[in-house]
Amino acid sequence: MAAPSPFSAETLLEHEHFVRAVARGLLGDADATGDVLQETWLRTLQRGPRAGGNLRAWLARVAGNLARDRRRGSTRRALREERAARSEAAESVDTAFERVSLQRDVATAILALDEPYRSVVLLRYYHGLEPSEVAARLGTKPATVRTQLVRAHEILRARLDSRYGRESWAALLLPVAGVTRSAVSLGAVSLGLAAAAALGGLWLFARRGPARGEPSTIEVAAIAPAAKEAPRQEPAARVAAAPEAAPVKPSAAEVLPMVASHGTLETLAPRAELFASGYYDDRTLATFSFQHGLRDDPTNIVGEDRDVEYRGADFGAHVRENGTSVIVDLGDLRVRTLWSWRGELGAARERAPVEAGHTYFLWSRDPDTDLAIAFEVLELEPGNRCVLEWYATADGRTARASFRDESPGTRLAQRLIELRSELRRPGELVEPRVQLQVRSGEALGNWYRVDMAGGLTWIFQRASEPLDLRSPRDPEYGAVAFSRGGFVPEGRVFVVTRATWWCHAPKDPNRDSRFALVVGGEPIVTIEGSDSDSGTWTGRIEVPPGEEALTHLELHSRAAGEAELFGEWVERPGLLARARPSPPREPKAPKPPPTLERPRAVLQGRNGSGGDDIRLRLDGSTSRDRKRAEAPLDLDAPIGERDHGIVHCEGGVLPAGEVFVVTRVDYRGRVSDDVEGDARFAIVVAGERILEHEARGPISGTWTGRLEIEPRGEKRTYLELLNSSVGEAILTGEFVRR
């Protein structure tokens, strides 16, 4: 048997036009040309050429021989095709339905791909661009495009494998690309998917949209995000300049074809069940990512990318430190009928009181998110638990939701985009000019940031008037910012052509101060350890609506700085706000916490000076990232001044259906005699503080009583240490079945 071809399906597809031209020149028949093309692919994948061989010459020879054989044996081939056609026509209705369903799933999966995979696939197969042309369009390298195509195919294959099985979907899909079932082989499976992406999947929706009478909304199973190749970051020059006439990079939104305007592609996900952070002290149970449709995140694909927090008395929209999200209570309204609602959109705030039966509009905005979300409180146990019905979209064409929109023309997604635009409009830029100022007196390790739309990160004071940056700074004074800017109007692009800047970022005994100006995600100025510096940048960088957070001024440690941006408007009719997505997080193998095998737990901790507190919880989690010891700690050893903390836990989550009734807690601990400032050793069980020791010196004893730790309440039981202190708590009791 010949060795398999070393050439990938993706490589072969790059020569499709060449092989088709060879076959068409010899045959002059479009159908026959297609047959020769597919047979050429199969032979190349199965038995040649050798690695390093001339692929183009091989393809020309194989295609030429097949075309001549076909021309000589046209009569016999026609008879065989007629018999095959009769066999295909006789297939069952069920098989035909399954094939059409598969084609629809492929199209939907392609359009549901995360960036940059979706744009790469659409440009390659829908627009018919070569990898080099795709790379030029997206501002990347051809090798990167080819890698992203391979990864996109892997994601699509995984989804089809899980639903249909490899052999089943290959047999169903290859006829769409012109290959009969008898031609299916292991070598053709990869080619079949790639060909289907070009000929089958996109044909159904991207080419024509749903046919008359077909459903306009498609329910799609959730696809787990896959890792993207991170764009290569070139070192930023201190002052980067570009020619005035440099071409403007198109935004990713421009290369996406419009899906049928009367339909929305939906990815269905579960309703959101949240447990109050104010009661359970567990942020992961209280927050939800509408972008991913997830609350729990065992594989760490969500990270901090969460949109709402159920605090108990209210919903919080400000979940991420660098987010500027807002929420509006729309009142007693069903989220499924929001598409027809024409009420007045009230004031947008960072929090909104929780009311059963109310629907809320949430604009989730951060550097890589610009989601329009509506959710309704279906169930509510005040201060404890709530269940949300929800619908989220970033562009009005695709959505992730807990229900299918059955409004006429699937209008809900478009209505959410309208509400988002209504919130954006008052804060839009009037002229293409932005002014940003920041000053800080703190020598901390944070980046203090203000973006062109006024979003703040680690800055808690906003000035209403321009700052006097050259006046002396109080070392104890926190960061403050001033901004005169706004959102880029939808339907336009802000093209920045000039930026002027000044900064004072002196050297610091502990760490150098830094100043950075970023425009459209590109660092154009970076200054470190300079008493005073200024300059002008000229170039041409495009800032589309939705990407305002990628244009910002940053300071690190004690520094001050300002920048003014000047440019022009470029009209882009129909361009809606759309954030530039970040590469998805690399999924990690889930690490479930251990289960508490018996009604006994040991919590130990040591903490040095520095002011940070440590909470070691019953399930083993900590409030801060601290070193974990497998063996019990030596609690009698001296407390090191620079000891950043270490913990030891013999605990876990409760067994299913069990309640841990704590009846006894044996404890011992101490606070260092020479500590400056506050110090504390405390024990909390089921939310009740049973011990708090702040006096210098040791303490030990036993608490008895009866406190119940319920499932999901493990984080409400913890050992707390502040500053130079050590402590231990041994909890014993019994399990009670509930």
Computed label-point distance, nm, for sites SER340 and ASP636 using a 7 Å Cα→Cβ extension: 7.7 nm
What does the C-alpha gyration tensor say about the overall shape of segment 433-571? Classify as rounded when a/c is under 1.5, otherwise prolate if a/b is larger than b/c, or oblate. prolate
For labels at GLU734 and GLU133 in the simple 7 Å Cα→Cβ model, what's the distance in nm? 7.7 nm
Expressed in angstrom and rounded, the centroid-to-centroid distance over alpha carbons for segment 480-533 and segment 339-353 is 34 Å
Stretched fully, the stretch from ASP468 through ASP69 gains (0.36 nm per residue minus C-alpha distance, one decimal, in nm) 135.2 nm
Segment 600-737: C-alpha gyration tensor shape, a/c 1.5 cut-off, then a/b vs b/c: prolate
FRET efficiency for VAL387 and ARG498 from the Cβ-Cβ distance with R0 = 45 Å, rounded to 0.05, comes out at 0.30
Which one, HIS648, VAL661, THR732, is farthest towards the positive end of the dipole of segment 600-737 when Lys and Arg carry +1 and Asp and Glu -1 on their Cβ? VAL661
Using 1/(1 + (r/R0)^6) with R0 = 56 angstrom and r between the beta carbons of VAL602 and THR538, what's the FRET efficiency to the nearest 0.05? 0.30
Looks like segment 265-427, by Cα gyration tensor root eigenvalues a ≥ b ≥ c and the a/c under 1.5 rounded cutoff (else prolate when a/b is bigger than b/c, oblate otherwise), is rounded
Between GLU431 and ARG664, what is the spin-label point distance in nm, taking each point 7 Å from the Cα along the Cα→C-beta axis? 7.8 nm
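Read-outs throughout are calculated quantities, based only on the coordinates presented, and are distinct from any laboratory measurement. What you are looking at is a predicted structure, and each value in this text was computed from that prediction instead of being measured. Virtual Cβ from ideal backbone geometry, glycine too; neighbours counted across all protein chains shown.
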